[in-house]
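Worksheet: the structure to be examined is printed underneath.
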Amino acid sequence: DKYTSEERIAKDDLETITKTTLSCRQSFASACYLHSRSSQAKKKKRESIYKSNTTPKATDEEKITALLDETKSGSKNTPNSSGTNEIKCLEEFVGDMCNAYLEYGAQYDCFTQCMRYFLTPGFPPKIIAGLIQKLRGFLHLLTTEEESNNISGPAIARSLYLSLSGGLPGKDGSKRDSADILDTFSMALKGDDCHLTALHGGYFYLLSVAYIARNLASSSQGCECGVQASKRRMKGLRAEVLDHIVKTATRLLSSEAGRKDDLVQAVFDSCVHNKNLPASFNMNIWPSKNYDSLTWENMIKALQNISKN
C-alpha cells in the first residue's frame, strides 16, 4: 500500500527542497571556511588581518563550488585538490558538533535535526563518514520523538526521502552512492551498533538499509565488480539485516518507476511492516545465518530476473 492522503509525502515540496540543497551546502561550506580563516587570522597582526580580509579572494567561492560539484558528480577529493582546506574546516566543525551533541544536545530534537543535516546528499563523503564514525554507539539517538512514536509515519518518511540521493539509478537516472559512504553505513551495522533494529535504530537503521539495498539493486543490474563490492559490504551482517536489505532491493527493482519514494516505501514494508514478498518472487534466500557462495549467487540471479521482467 502507498501512503494514505494524510501520510503522503508532498513530492512537489520535497523536489523543490532537493533542487536547492546544493546552493545551501555551498553557503554552509563557505561560512565554515571563511570563519576558520578569520579565526586563524586573529593570531596575526591587525594590519595583516585588514589586508587579508577586506578584499576576499574570488577563488574562495570557486574552490567551495568545485568541492561540492565534485561531491555531486561522485568524484573523490585528493590531498592536492582545491577542496582540501574546505573539507578540513567542515571536519572540524562537524567534530565539534558531534562532541556537543553527545554531551547535552541529543535530548533536543532540533539538535538531532542539525546533526542529520550532515547526512544529506551534497556533503562530501568524508564528512558523512566522519559523522557516522564519531557517533558510533549512539546512532539510535538520531531519531526524533515524533518519528519514534510513528516509525513509518510521514515525519520519518520525509526525513528518509531528503537523506537519500535517489531511487534506482537505472530507472530514475540518479547517481550511485560513494563507496566510502556505503562502507561506513555497512560497518555501523556490524560494529558497536550491531544491535540496531528498525524500532531501536529508527531513522539511522532504515537509512542504512536503504543505502545498502539501493546499491545492491543497482549492482545487480551492472558489472560484476559492483556485485562483488556489495557482497563484501553485506558479509558479516546479521541474518535479519540481510533479509531487510534483500527484500528492500527486491521491492525497489520490482517498482515501476524506481523513485526515491518507492525506496522509502520498500524500506517500510521490509523493515517495519515485515511484509512478505509475493510468492512469485521466490526470494526465500536467507534460510540460515550461512553466507556461502551458492546462497549469494542464487540471490543475485533472482534480482537479475526481476530486472529482465
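Just a few scattered comments:
- Set side by side, the residues C223, C271 differ, and just one is within 29 Å of G173 (Cβ to Cβ) and at pLDDT below 85, which is C223.
- Matching residues, region 230-248, being hydrophobic (A, V, I, L, M, F, W, C) and outside any helix (DSSP H, G or I): L237
- Total residues in region 253-268, condition open to solvent by 10 Å² or more (accessible area, probe 1.4 Å), part of a loop (DSSP other than H, G, I, E, B) and either closer than 13 Å to A217 by Cα or at pLDDT 90 or above (or both): 2
- Pick from region 209-226, criterion assigned to a helix (DSSP H, G or I) and in contact (Cβ under 8 Å) with a residue 60 or more places away in the chain, ranking: farthest from M187 (Cα to Cα): S220
- Pairing residues of region 230-241 that are within 15 Å of A217 (Cα to Cα) with residues that are of a type in the set (V, I, T), at Cβ distances under 8 Å and at least 6 apart in sequence or on separate chains, gives S230/I212; R233/I212; M234/I212; M234/I245.
- Members of region 151-176 that are under 26 Å from L102 (Cβ atoms) and either without any contact (Cβ under 8 Å) to a residue 60 or more places away in the chain or among the aliphatic types (A, V, I, L, M) (or both): I151, A155, I156, S159, L160, L162, S163, L164
- From S280, S307, residue being modelled with pLDDT under 80, in a helix (DSSP H, G or I) and loosely packed, with under 13 Cβ neighbours inside 10 Å: S280
- Tally of residues being out of contact with any Pro (no Cβ under 7 Å at 6 or more places or on another chain), under 22 Å from S254 (Cα atoms) and surrounded by 17 or more Cβ atoms within 10 Å (Cβ to Cβ) across region 196-228: 17
- Every residue from region 109-137 that is closer than 22 Å to Y161 by Cα and not in a helix (DSSP H, G or I): F118, L119, T120, P121, G122, F123, P124, L135
- For the residues S208, S186, the requirement of being of a type in the set (S, T, Y), within 27 Å of K88 (Cα to Cα) and in contact with a Lys or Arg (Cβ under 7 Å, 6 or more places away or on another chain) singles out S186.
- I285 being modelled with pLDDT of 90 or more and either part of a helix (DSSP H, G or I) or over 18 Å from the mean Cα position of the chain (by Cα) (or both): no
- Of all the residues in region 156-195, those that are in a loop (DSSP other than H, G, I, E, B) and open to solvent by less than 10 Å² (accessible area, probe 1.4 Å) number 5.
- Single residue of E146, E103, E92 found to be open to solvent by 30 Å² or more (accessible area, probe 1.4 Å) and modelled with pLDDT of 90 or more: E146
The values are calculated or read from the model by the stated rules, or taken from the named source; none is laboratory data. Predicted model, so just to flag it, every value in this text is computed and none were measured. Reconstructed Cβ throughout: ideal geometry from the backbone, glycine too, with neighbour counts over all protein chains shown. Heavy atoms of the whole protein, side chains included, go into the accessibility calculation; ligands, DNA and RNA do not. Shrake-Rupley method; radii C 1.70, N 1.55, O 1.52, S 1.80 Å.
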